[in-house]
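S.K.: Sharing a structure here in structure tokens format.
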Amino acid sequence: MMMAVLAALFTTAADFSSYAAADSVKFLFFAGIEGSGHHAWRNMWRHNGLRTMKNANVAVQHIISHENNTSHDNNKTIYVTSTRLQSALSNSHEGRNNVFNPQTAGGLEKAIRVVEDEVRTFASQLKNKRVVVVINTAAGNMLSYPFGGGGGYKAIHMPNMEFLARVIDDVRGDLRVVVLLRDPALAVSSGIRRGYYHSGYHCGIAEGGDQDRARCEMEYVRLATQGQRLIFEQLHVLSKRSWACSTLAMPDDHAEVVRSRINEDLYAHLDVATNGLRMVTDDIIAKCPAHIRLGEINAISSWLFA
């Protein structure tokens with residue numbers, strides 16, 4: 001049994017091929033390092049009618065009932081998220097049994113079964129409907145690379161798009177990924193400003209310890225680069241039609257530097273320190289097959305259902 005579980009988690013691009021019909025339910029995942037824009041998308045969903053449901057069964061009943069009781073526009077896209085699905089992927093689920101941060105092999109297997117059940121319910125019951133299941137950025141953990149929550153060593157809390165692709169493909173769903181991109185110096189400064197560079201990363205800072213602080217900041221840059229590289233590698237499992245990019249701000253946007261509350265000296269320092277991260281980011285941009293601007297709901301729908 002566990003061999004099957006591990007095979008699902010660690011599939012490779014060489015043995016994975018995705019096919020999804022045009023009428024398949026869309027599952028939307030946002031992949032990005034900390035500070036790349038997850039919370040900006042969350043704020044956008046709050047103002048655009050995304051429906052947060054307890055689980056897939058409740059969501060299906062709500063959508064079908066709503067259609068039966070109202071004059072539904074067949075061209076309108078319904079965005080929904082499932083708390084049960086989100087919890088099984090990253091948050092505490094039956095005692096911290098979740099896929100991306102498992103505590104035990106048994107807990108991992110239980111969480112995988114929950115994800116499979118949720119995905120299967122959505123895909124089988126809502127076929128032929130313009131439904132998008134938003135996997136993250138809508139509620140619960142934002143699932144950045146790496147992500148917090150669940151305790152333990154945050155640096156190893158990494159999402160796995162290959163696992164999602166395998167599970168969703170098995171039930172003929174359609175996984176779509178939006179890669180969140182931002183000027184690396186601004187993305188890293190966001191994490192540093194909020195204290196993420198030491199909290200949960202086993203990088204202690206003594207009171208007044210500037211050397212410790214600098215060391216922890218550089219360790220945080222390394223982890224952000226590692227996360228971006230992992231995103232780049234995981235994208236190889238997807239076809240070009242399955243992913244797009246959304247850029248929050250790049251280096252030529254001086255207004256964003258001002259809005260980010262980062263002083264020019266720190267920005268200049270991080271601009272140099274994040275050179276490796278910038279190279280990986282540039283590689284993703286060079287290969288990105290489509291671009292979507294933050295908040296462009298119509299553009300997202302057009303891309304998903306083209």
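S.K.: What distance in nm lies between label points placed 7 Å from Cα along the C-beta direction at residue 170 and residue 215?
M.R.: Here the answer is 4.4 nm between the modelled labels.
S.K.: Listed here are the pairs 26/76; 127/240; 54/129; 54/76; 76/129; 26/110; which of them are more than 18 Å apart at the Cα?
M.R.: Going by Cα-Cα distance, 127/240; 54/129; 54/76; 26/110 fall outside the 18 Å limit.
S.K.: Another question, then. Can you tell me how much longer the chain between residue 66 and residue 266 gets when fully stretched, taken as 0.36 nm per residue apart minus their C-alpha distance, in nm with one decimal?
M.R.: Taking 0.36 nm per residue and subtracting the Cα distance, the gain is 66.8 nm.
Any read-out appearing in this document is the output of simple, stated calculations on the displayed coordinates, not a laboratory observation. What you see is a predicted model; the values in this text were computed from it and never measured. Cβ atoms come from the backbone with ideal geometry, glycine included; neighbour counts cover every protein chain shown.
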